[in-house]
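Colleague: Just passing along the structure, written as structure tokens.
Derivation of every value follows stated rules applied to the coordinates shown; laboratory data play no part. This structure is a prediction, so every number in the text was calculated from the model and none was measured. Note: ideal-geometry Cβ built from the backbone for every residue, glycine included; neighbour counts use all protein chains shown.
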Amino acid sequence: MSAVDLEHLRQWVGRSDSREQHLDPFPARALAGLLDHAQAPEEGDALPLPWHWLYFLDAPSREGTGVDGHPRRGGFLPPVPLPRRMWAAGELTLHEPLRLGRMARRTSTVRSVDLKQGKAGALVFVTVAHELEQDGQPRLSELQHIVYREAPTAPAPLPPGEAAPTDADWRRDLVPDPVMLFRFSALTYNGHRIHYDRDYATREEFYPALVVHGPLLATLLLDLAARERPGALPAHFGFRAQRPAFDTDPLRLNGRPNAGADGAALWTSDPQGFVGMSATLRWR
């Protein structure tokens, strides 16, 4: 059991990091291919939500990378001693789309660090706020909720599942195969081995198979809505991971527009009929 010094970790609250980057069209074109889009974005085009996750990436050295493939603890994020880390939830508010082929700036700030006790032990929640701007104007505000917890010592059952709604108006089925997971890892420079190293995922972290990235699930849900409402511009998107998805299972993307058609409920479901990720979307 790792000891958590919350007072020490909260010294990171308020720390900020700012970086600029030219939004080269290639990562967006590559993601368009991964999503089977007929057309790829070009320089000057609006960047769909949440494709900004392809930019402003950390690039740790091999020495600065942990055995799990994540960057080693410390630096901008607090050095939480709990070894298993996941992106648990997020909120995105779009002010105006980012444009490809131009410089942009992202400023990130550690908003909060909290300690809770779960059934499997201590949980540390870190919230990071990101503000993205372009041409001196705010474009996107984001809250990223990261959770840290103890590593498992033996295989354990998946968390209890929430039954997926059966009244979806939009549906799309796909298989998140290892090639898709590898390509998304490469595009987001995500070295976490649970997404591409099957031996590590099953023998070290005791998952039954490769784990589908939470950000990939969120991207696929927003892509489903974009296919159903082409041209509609999101204003706000919030998502929460509830149950992991694996490369050995087919994945169903689901959506249901709100009564006033101002937004939609979105969720993924697995072959057992459980929700994997739930999300809400509001259009402008």
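Colleague: For every other residue with a beta carbon closer than 12 angstrom to the beta carbon of Asp249, add +1 if it is Lys or Arg and -1 if Asp or Glu, then tell me the sum.
Modeller: Computed value for this residue: -2.
Colleague: Would you list His192, His95, His22 from fewest to most Cβ contacts within 10 Å?
Modeller: Exposure proxy ranking, most exposed first: His22, His95, His192.
Colleague: Place +1 on the Cβ of every Lys and Arg and -1 on the Cβ of every Asp and Glu in the chain, take the dipole about the Cα centre, and give the residue among Met86, Leu253, Ala40 whose Cα lies farthest towards its positive end.
Modeller: Final value for the positive-end residue is Met86.
Colleague: What ranking do Arg243, Arg282 get, fewest neighbouring Cβ atoms within 10 angstrom at the top?
Modeller: Starting with the residue having the fewest Cβ neighbours, the order is Arg282, Arg243.
Colleague: Continuing with the same structure: Between Lys116 and His37, how many nm apart are label points set 7 Å from Cα along the C-beta direction?
Modeller: 3.4 nm
Colleague: Calculated FRET efficiency, Ala232 and Phe182, Cβ-Cβ r, R0 35 Å, to nearest 0.05?
Modeller: Step by step, r from the Cβ atoms, then E = 0.65.
Colleague: Turning to a different aspect of this structure: If we count other beta carbons within 10 Å of each Cβ, what is the order of Met103, Met277, fewest first?
Modeller: Least to most surrounded, the residues fall as Met103, Met277.
Colleague: Continuing with this model, one more query. Grab the Cα-Cα distance for Leu57 and Glu150, subtract it from 0.36 nm times how many residues apart they are, and report the gain in nm with one decimal.
Modeller: 30.9 nm
Colleague: Taking the Cα centre of the chain as origin and charging only Cβ (+1 Lys, Arg; -1 Asp, Glu), how large is the dipole, in debye to the nearest 20?
Modeller: For this selection, approximately 380 debye.
Colleague: A further question on this structure: Rank Pro271, Pro165, Pro48 by mean-square fluctuation in a GNM of the chain with C-alpha springs under 10 angstrom and give only the top-ranked residue.
Modeller: Result: Pro271 has the largest fluctuation of those listed.
Colleague: For the chain, compute Rh as the Kirkwood radius over C-alpha pairs and then the Stokes-Einstein diffusion coefficient at 10 °C and 1.306 mPa s; write the answer in µm²/s, rounded to an integer.
Modeller: Value of D from the Cα-based Kirkwood radius: 80 µm²/s.
Colleague: Please pull out the direction-averaged projected area of the stretch 1-151, using the convex hull of its alpha-carbon atoms, in nm² to one decimal place.
Modeller: For the stretch 1-151, the mean projected area of the Cα convex hull comes to 10.3 nm².
Colleague: Roughly how many debye, to the nearest 20, is the charge dipole of the stretch 157-284 about its Cα centre, given +1 on each Lys and Arg Cβ, -1 on each Asp and Glu Cβ, and no other charges?
Modeller: It comes to approximately 380 debye.
Colleague: Defining a contact as two alpha carbons under 8 Å apart and six or more residues distant in sequence, what relative contact order in percent does the chain show?
Modeller: 19 percent
Colleague: How many angstrom separate the Cα center of the stretch 181-250 from the Cα center of the stretch 137-172?
Modeller: Here the answer is 10 Å between Cα centres.
Colleague: Something else now. Give me the mean projected area, in nm² to one decimal, of the convex hull enclosing the Cα positions of the stretch 157-284.
Modeller: So the mean shadow area of the Cα hull is 8.0 nm².
Colleague: Also: Just Ala225, Ala186, Ala129 to compare: in a GNM of the chain, with alpha carbon springs under 10 Å, which one fluctuates most?
Modeller: Ala186
Colleague: Considering only DSSP beta bridges with both partners in the chain, what is the antiparallel share in %, to the nearest 5?
Modeller: The answer is about 100 percent antiparallel.
Colleague: Just to be sure I understand the model, the point goes 7 Å from the Cα along the line to the Cβ. What's the resulting Asp135 to Arg282 distance in nm?
Modeller: About 2.6 nm, to one decimal.
Colleague: Here is a further query. Which length gain, in nm to one decimal place, applies between Trp170 and His22 when the Cα-Cα distance is subtracted from 0.36 nm times their residue separation?
Modeller: Full extension of this stretch gives 49.7 nm more.
Colleague: Given the options His70, His130, His37, state which has the largest fluctuation in a GNM of the chain using a 10 Å cut-off (strictly under) for Cα springs.
Modeller: So, out of His70, His130, His37, the one fluctuating most is His37.
Colleague: How much net charge surrounds Ile194 when only other residues with a Cβ under 13 Å from its Cβ are counted (Lys, Arg +1; Asp, Glu -1)?
Modeller: Summing Lys and Arg as +1 and Asp and Glu as -1 gives -1.
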